[in-house]
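See structure below.
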Amino acid sequence: MRRFWLTVATMAVCAAAGAQQTATHKWTIVVHGGAGVIQRVALGPEGDKAYRKSLEEATMAGAKVLDAGGTALDAVEATLKVMEDDPLFNAARGAVFSAEGHNELDASIMDGASLKAGAVAGVMHTHYPISLARAVMDKSPYVMMISTGADNFGAKVGLQQVDNSFFFSESRWQALVKQLKQEGRPVPPRPAGAPPEPGKTVPVAFYYDEAADPRSHGTTGVVALDRSGNIAAGTSTGGMQGKMPGRVGDSPIIGAGTYASNQSCAVSATGSGEYFIRLGVAREICNLVRFKGMKIQDAADEVIHHELEALHGDGGVIALTPDGQTAFSFNTPGMFRARLTEGGKITVGIYNDEQ
Ligand code: ASP
């Protein structure tokens, strides 16, 4: 078992005057980078190290916001932006491909203090889908927008627009080609604008063979608690590899893949989205906390290990309560994950035999 510890005792507290809050709570952040058939043998020492480093960097980006007195909502967005830019994760850059060879991106965010939420599905041009979800929440009268309309809204509110090939990564492309061939489905042409195919002598920077788990993991999610006692949740993904264009999973569905309420908990999910939608997983967990008085770990385990398994669904969640209790729960061999509480040490885990 390998764990990486990093003290934040030395982190500079540089609270901006405007962002300073009355400190009544110790901040906490919990991060996931997807669940699935993630095994030591497939990941290898190099992959193991790379994912742990990325998880730590993302967590520290959110921790920095919280430590400076920022809100849980800002910490969730800041962390997810780092993960969206990291090709190791299935979100924005590095997202999985649809069967037609495009990256269709889904994201959502929710504020536990106000119950305000924003979500986008099937977007293809906004650099940071999580910021687009945030803009839907903050700058539109809606909760959810899709596709071209959502991207156009992003452009209108000043969010950077990019060609779809911006999200291209060689390892995801190769994983798609492999999956489609295995399933006897047509392989679309290599996307226009993608870098030329590396020759046999040009190694792909980091290649994780995902053949064991065609769902292709790497969805990203964050839950955070700020010093004011407010919680928030966010999730960003490219969805399921080889999906039909137009398919939308649980990640942008408020109550399924993402939920936050100061009256109960904050949850971000990852897994086979159809099951998470049917069970309303994120809200279900929070309802068990709120109406049955369950501890967050028990509530998460009840939904993942009983309700989800009863439907033969797979995946996991991260969860957090306003009093700082945290939980991981997953029924897969692994879930990329990390957590950190103010003044504590970061813990990063991957496999199901780690804490
Ligand atoms: N839940 C995501 C979806 O169904 C995928 C994942 O988390 O791996 O789109």
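The values are calculated or read from the model by the stated rules, or taken from the named source; none is laboratory data. Computed from a prediction, not measured in an experiment: that's the story for all the values here. Cβ: placed from backbone, ideal geometry, glycine included. Neighbour counts: every protein chain shown. All accessible areas refer to the heavy atoms of the entire protein, side chains included, with ligands and DNA or RNA removed. Shrake-Rupley method; radii C 1.70, N 1.55, O 1.52, S 1.80 Å.
Worth a mention:
- Cα centroid of segment 239-283 to Cα centroid of segment 81-107, whole Å: 16
- Accessible-area ranking of Tyr275, Tyr351, largest first, probe 1.4 Å: Tyr275, Tyr351
- Computed on protein heavy atoms with a 1.4 Å probe, the accessible areas place Leu279, Leu73, Leu311 in the order Leu311, Leu279, Leu73, largest first.
- Global geometry of segment 22-109, whether rounded, prolate or oblate, following the gyration tensor of its Cα atoms and the 1.5 cut on a/c: oblate
- Compared with the alpha-carbon gap, the fully stretched path from Ala23 to His312 is longer by 99.7 nm at 0.36 nm per residue.
- The chain: equivalent-ellipsoid semi-axes (sqrt of 5 x gyration tensor eigenvalues, Cα, Å): 29, 22, 21
- Segment 260-332 shape via C-alpha gyration tensor axes, a/c threshold 1.5: prolate
- Relative contact order, percent, the chain [alpha-carbon distance under 8 Å, six or more residues apart]: 26
- The figure for Glu100 is an accessible area of roughly 110 square angstrom, using a 1.4 Å probe on the protein chains alone.
- Pair Val162, Lys345: separation of 7 Å Cα→Cβ label points (nm): 3.6
- Cα-based radius of gyration of segment 143-197 once divided by 2.2 N^0.38 Å, which approximates compact folds: 1.49
- Rolling a 1.4 Å probe across all protein chains gives Arg190 an accessible area of roughly 60 Å².
- Nearest-ten-degree value, helix 170-182 long axis tilted from longest Cα axis of the chain: 60
- Accessible area per residue (1.4 Å probe, heavy atoms of protein chains only) ranks Thr258, Thr347 as Thr347, Thr258, with the largest value leading.
- With a Förster radius of 30 Å applied to the C-beta separation of Ala155 and Ala192, the computed FRET efficiency comes to 0.90.
- Cα-based shape type of segment 51-91, given that a ≥ b ≥ c are square roots of the gyration tensor eigenvalues and the cut on a/c is 1.5: oblate
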